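Here is the structure we will look at.
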Amino acid sequence: MEIKEMAIAGAFRIIPDQYRDRRGCFFEAFRIEELTRAIGFPFQVRQGNVSVSRRATIRGVHGTGADSGEAKLISCTRGAVLDVVVDLRVGSPTFGAFDATPLTEESGDLVFLVPGLGHAYQALAEDTRINYLCAEQFVPGSQIDVNPLDPELPLPWTLDEEPIISDKDRAAPGLREAAASGILPHYTGPF
């Protein structure tokens, strides 16, 4: 398995080694020792989430405060998505920057992100399933939302048709407005 830091400090792409034969495929999604070595702290799962989406659905940009402890490990177990990590940490050298990764059930690739980073994705296939392993249980009211269609945050969506977006995400502030309102986390170091 290969673990590579993405363009945003605190975001990692995990590329598993796959073993294929006539039966199909086997791979280790991740090993906690290797992940801990790459990210610099232990990742302990406290909650697992599943999201199922129709093609053309965009979910996010969602995040939590940098001190929330809500690190996430994200995988696509059915279908395909364009997964996007956005640096929401005010004062970060990469504030407002993003990095995108295609995640598919075939690749088995995963994305890990530390608290303070935003996450969004676009479902590229019908009935797409995303799994989230979270280091903390969700606390209602702790989520930070930024509009995924903010023109000042040109995320690389493929918009061949009108995207399916929740009312909450559509009404979320743009990145600049969210920063000015004080809802975004502050950068306190590499992670």
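The values are calculated or read from the model by the stated rules, or taken from the named source; none is laboratory data. Just so it is clear, the structure is predicted and the values come from calculations on it, not from any experiment. Here the Cβ is made from the backbone with ideal geometry for all residues, glycine too, and neighbour counts use every protein chain on show. Just the protein is used for accessible areas: all its heavy atoms, side chains included, with ligands, DNA and RNA removed. Shrake-Rupley method; radii C 1.70, N 1.55, O 1.52, S 1.80 Å.
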Net charge near Arg59, counting Lys/Arg +1 and Asp/Glu -1 over other residues with Cβ under 14 Å of its Cβ? +2
Hey, can you rank 137-145, 11-19, 36-44, 72-80 by average C-beta count inside 10 Å, highest first? 72-80, 11-19, 36-44, 137-145
First select every other residue whose beta carbon is under 12 angstrom from the beta carbon of Cys25; then total the charges, Lys and Arg +1, Asp and Glu -1. -2
At R0 = 41 Å, FRET efficiency that the Cβ-Cβ distance of Ser51 and Arg20 yields, to 0.05: 0.90
Accessible area per residue, 1.4 Å probe, Å², for region 60-191: what's the number? 43
Top mean-square fluctuation among Asp169, Asp160, Asp87, Gaussian network model of the chain, C-alpha springs under 10 Å? Asp160
Cβ-based net charge around Ala135, under 10 Å, with every Lys or Arg adding one and every Asp or Glu removing one: 0
Summarise the accessible area of region 5-121 (1.4 Å probe, protein heavy atoms) by the percent that is carbon and sulfur. 50
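Starting from the Cα-Cα distance between Asp127 and Ser107, subtract it from 0.36 nm times their residue separation and give me the gain in nm to one decimal. Please report the intermediate quantities before stating the final value.
Numbers: separation 20, 0.36 × 20 = 7.20 nm, distance 1.72 nm.
Difference between extended and current length: 5.5 nm.
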Please give the contour-minus-distance gain from Asp160 to Phe41: 0.36 nm per residue of separation, less the Cα-Cα distance, rounded to one decimal in nm. 38.8 nm
